[in-house]
Amino acid sequence: MFITSKHKLQKSTLADHSKHHSRTRTTDIDLGYHTLLTSQSQSGSSVNSFNMTASLCSTPTKTACGSNTSTLTKYSCETVIAYFDKLTDELIIKIFNHLTANDLCFSCARVCRRWYYLTWTPSLWQTVVIKETTVNVDFALRSLFRLISREIYCREMIPSIREISIKQSNNQQIHQISLALPIECLNLNGCQNLTDKGLLLIARKCTELKHLYLRGCINITDLGLNEILTNCALVETLDLTAAFNVKLNTTRLPQIPPNLHRLNLSLCHYVDDYTLKIFTKLYGAQITHLYLRRCPLISDHFAKCLVTYCPSLREISLNDCPQLTDYFCYELSLKLGSHLRYISLAKCERITDAAIKQIGKYCSKLRYLNIRGCRLVSDEGIAAIARGAAARLKAIDMGKCNVTDEGLKALSDNCPNLRKISVRECTLVTDIGISLVAYYCRNLVQMNMSNCVNVTIDAYRYVKRFCKKCVIEHSNQ
């Protein structure tokens, strides 16, 4: 087929238009907490990807200058070298590894047929993020998994794996390998339309999944969660924050020893002591981080199960659990005190100085303590924490506690490496206590002294004088 000059003029016009559009288009920068890239580096890579796409779109095909038509333009006679055509697929895939999912789907996949197939290389999709969308998430996952797991493309890209599977595996294992996806991290935070059908699809396709984030997925239940825990045995992180319909009724035993390290069940109002007992007995051996914020049904009865089935626990958060008392803290610190680094008991109003003294006595490696809103905690408990944790303590939040300058003096004498402190709404704290902390803890980077009625602007100036890098939150005008 011969290409006429009219067609070439149309191609060049469309190419110029796409090039101009790519220069003026803004990029969507993902600055999530999980990324290690700065905003400048991310924006740079995103802009380069769009310019690269535009340049390839504007590259014409090989043109014969000796055409019979007389209206051939000068631009169509020039031959532009497409440098990317000289690169191998492996090199292009390595370049694509530095692009975001949006760049791959909406830019690279539209360049040419070759790039379209390279875009859906399974190794590029180890992390998938679908956040806060109103579309049918179940259908979106089904379409995405179908594109990544095309059997014909897998045979072309990774023949070695297929040959090994044919020699060493039976037909069932070959089928499982062809269907397994390389996705290791799946972020579906805010996808309210996600249902158990989507979780069932994830459980069947993503057997290598390690991190699953389902924050705010209000339509999932224990049925889908059981499928995930049964089939995705490599899961290390599971975030179920605000999954209101999850009760944690696990009825299936794990196929292999569980690998779960981080579990977040905050705002799961139906989770109680019994379901947590069964769950920790099955999956708690490797749990190091446990977050149970605003779970009102949790009580002291869970303490013995926690210390028995979660021996590797390092961080625990029990904010807004009104039924917890000093007994829970006593069991926790006595059995796991030597391992705990992070304890949060904010707004547990039944916690007293007795519990804080036990934490200070047995939790010698404590780095962070949050007792905000525990009004029954006074200077005695703070002094015990200061003597027990000593130089290891990095941050403490004692807002709305019954703390005075004596408690702050104990912290300044024993905790020189303190970096963050909050005395918000501690009405008994004065300029003297703030000055002592600022003078002896000069590594402070954050201090909150808002609504402290006895703290004046002089304390603010004193902190700025000795703690140069400290960010101060205050209510003084």
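List of remarks:
- Environment charge of residue 305, counting only residues whose C-beta is closer than 9 Å and scoring Lys/Arg +1, Asp/Glu -1: +2
- For residue 314, net neighbour charge (Lys/Arg +1, Asp/Glu -1) across residues whose Cβ lies under 13 Å away: +3
- Local electrostatic count, residue 420, Cβ distance below 13 Å [Lys/Arg +1, Asp/Glu -1]: +4
- Estimated FRET transfer efficiency when R0 is 60 angstrom, pair residue 132-residue 375 (beta carbons, to 0.05): 0.95
- Couplings 3J(HN,Hα) for region 458-475, derived from phi with the Karplus relation 6.51 cos²θ - 1.76 cosθ + 1.60 (θ = phi - 60°), are 5, 5, 4, 5, 5, 5, 5, 6, 9, 10, 5, 9, 7, 9, 10, 10, 8, 10 Hz, where x marks Gly and Pro.
- 3J(HN,Hα) from dihedral phi, region 292-297, Karplus parametrisation 6.51/-1.76/1.60, rounded to Hz, x for glycine, proline: 10, 6, 6, 10, x, 8
- At R0 = 60 Å, FRET efficiency that the Cβ-Cβ distance of residue 193 and residue 473 yields, to 0.05: 0.95
- Distance from region 278-352 to region 210-275 (C-alpha centre basis), Å: 18 Å
- Label point 7 Å beyond Cα of residue 327 along Cβ direction - residues of region 259-287 with amide nitrogen under 18 Å: 272-277
- Mean-position separation - Cα centroids, region 419-473 and region 365-401, in angstrom: 16 Å
- Computed from phi, the 3J(HN,Hα) profile of region 106-120 under the Karplus parametrisation 6.51, -1.76, 1.60 (θ = phi - 60°) reads 9, 10, 5, 5, 9, 6, 7, 5, 4, 5, 4, 5, 5, 4, 9 Hz, with x in place of Gly and Pro.
- Modelled FRET efficiency - R0 25 Å, residue 101 with residue 247, Cβ distances, 0.05 increments: 0.15
- Debye, to nearest 20: dipole size of region 257-344, +1 on Lys, Arg Cβ, -1 on Asp, Glu Cβ: 300 debye
- Where Rh is the Kirkwood radius over Cα pairs, Rg/Rh for region 321-440: 0.94
- Close amide H contacts of residue 352 (hydrogens built in the peptide plane, cut-off under 5 Å, sequence separation of 5 or more or a different chain): 326.
Each reported figure results from applying straightforward, stated rules to the coordinates on display, with no laboratory input. Given the structure is predicted, the values throughout are model-derived calculations rather than measurements. Every residue, glycine as well, gets a Cβ built from its backbone with ideal geometry; the counts of neighbours run over all protein chains shown.
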